[in-house]
Amino acid sequence: MRALRFLALISGMLLAVLGAAGTATAAPAAGGYAAPTQVYCKLNVRANATTSSAIVRTLYNRNGSCAGSSGHDSIPCWIATCTGVITGSSYTCTTGGSSYNTWLPVNNGGTRAWVAIKCGTYVLP
């Protein structure tokens, strides 16, 4: 069982590295979702794993301490197990906060996009 998990993790990382440079056309696997947290009330979805990349969508959390009516947005992970994290440009989740550089691939309508993994939450089925 451990060997299978390890192989799945390595496969996911390899797929993310191979596909990070361009837009994938294959359909991603269904499974987990990325969403903004109640600490960081919004989560930008970007075309690439860089802060200078175009924002293709913004997800909002409108529960708890976040402004707006109830409910929150989410987006499916590109890989069912919410793996495939890569190193991209540095970002902070809040002004003056800690700096991170890890990005998670997500499915934005059949196109691979990226979210700053430290600024969101990830739910597996």
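The values are calculated or read from the model by the stated rules, or taken from the named source; none is laboratory data. In this text, all values refer to a predicted model and were calculated from it rather than measured experimentally. Please note: Cβ atoms are built from the backbone with ideal geometry, for glycine as well, and neighbour counts cover all protein chains shown. To get the accessible areas, we keep the full protein, side chains included, count just its heavy atoms, and leave off ligands, DNA and RNA. Shrake-Rupley method; radii C 1.70, N 1.55, O 1.52, S 1.80 Å.
Data table
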read-out: Protection-proxy order for peptides 91-101, 66-76, 37-47, each taking the mean of Cβ atoms within 10 Å per residue, highest first; value: 37-47, 66-76, 91-101
read-out: Neighbourhood charge, 14 Å Cβ-Cβ cut-off, centred on Tyr40 and excluding it, Lys, Arg +1 and Asp, Glu -1; value: +2
read-out: Where Val115, Val56 fall by accessible area, highest first, once all protein chains stay in place (1.4 Å); value: Val56, Val115
read-out: Compactness relative to 2.2 N^0.38 Å, alpha carbon Rg of segment 78-125; value: 1.19
read-out: With all protein chains modelled, accessible area of Arg62 [1.4 Å, Å²]; value: 70 Å²
read-out: Spin-label model distance (nm) - Ser90 vs Leu124, 7 Å beyond Cα toward Cβ; value: 3.1 nm
read-out: Compactness of segment 41-125 as Cα Rg over 2.2 N^0.38 Å, two decimals; value: 1.06
read-out: Centre separation in Å (Cα based) which lies between segment 31-67 and segment 81-116; value: 10 Å
